[in-house]
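One structure is given below, encoded as structure tokens.
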Amino acid sequence: MDVLRLLDEIEDILEESSTIPFAGKLLVDKEDILDVIKEIRIKLPDEIKQAEWIKEERQRILAEAQNEADTMIEEVKVHMEEMIDEEEITKKAKERAEEIIGKAQVNAKEIRLGAREYADELLKEVQEKLNFVIDTIDKNRDELKGF
């Protein structure tokens, strides 16, 4: 920084100045000191502007980094919610599938039982008709024997 160099220059001027004995005072060239102060006044606004720019740039970078971090956090939240939703959908689909399979198994069992009962009824009717036919055949044979 030029301002620090100029302050060092003032310090050098003061150190190189003659001292007044027993007074603890210095004899300095007023023009030298005023020239350095004038340069400081000229340089100071530029350096202040540069420092302000650095400060603003730092703030902008920090704000940008915070925005990026917030965006990333939000994206992670959305992704997690999507994954949770997908898991819920999968879970509900599995539950629904199990429910459908259960109903299908109950229906299949009812159909098997119904088919067995129907087949048993048909066989019973056939058996009764066959018994009737056998009885009729036996009677007819008995009649034939009686002749």
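The values are calculated or read from the model by the stated rules, or taken from the named source; none is laboratory data. Quantities reported herein were computed from a predicted structural model and do not represent experimental measurements. Methodologically, a virtual Cβ is constructed for each residue, glycine included, from the backbone with ideal geometry; neighbour enumeration extends over all protein chains shown.
Going through the range 14-29 one residue at a time, which ones are among the hydrophobic types (A, V, I, L, M, F, W, C) and without any contact (Cβ under 8 Å) to a residue 12 or more places away in the chain?
Listed by number, the residues that qualify are ILE20, PHE22, ALA23, LEU27.
Among the residues of the range 118-147, count how many are in a helix (DSSP H, G or I), of a type outside the set (Asp, Glu) and loosely packed, with under 10 Cβ neighbours inside 10 Å.
The total comes to 3.
Take LEU27 and decide whether it is over 22 Å from ASP2 (Cα atoms) and surrounded by 10 or more Cβ atoms within 10 Å (Cβ to Cβ).
In short, no.
May I ask you to say which residue of GLU95, GLU47 is assigned to a helix (DSSP H, G or I) and over 30 Å from ARG5 (Cβ atoms)?
It is GLU95.
Looking at the range 100-112, can you tell me whether even one residue there is at pLDDT 90 or above, assigned to a helix (DSSP H, G or I), over 45 Å from the mean Cα position of the chain (by Cα) and not basic (Lys, Arg)?
The answer is yes, given that some residue of the range 100-112 is at pLDDT 90 or above, assigned to a helix (DSSP H, G or I), over 45 Å from the mean Cα position of the chain (by Cα) and not basic (Lys, Arg).
Can you tell me which residue within the range 30-48, out of those that are without any contact (Cβ under 8 Å) to a residue 12 or more places away in the chain and under 12 Å from GLU9 (Cα atoms), is surrounded by the most Cβ atoms within 10 Å (Cβ to Cβ)?
This residue is ASP35.
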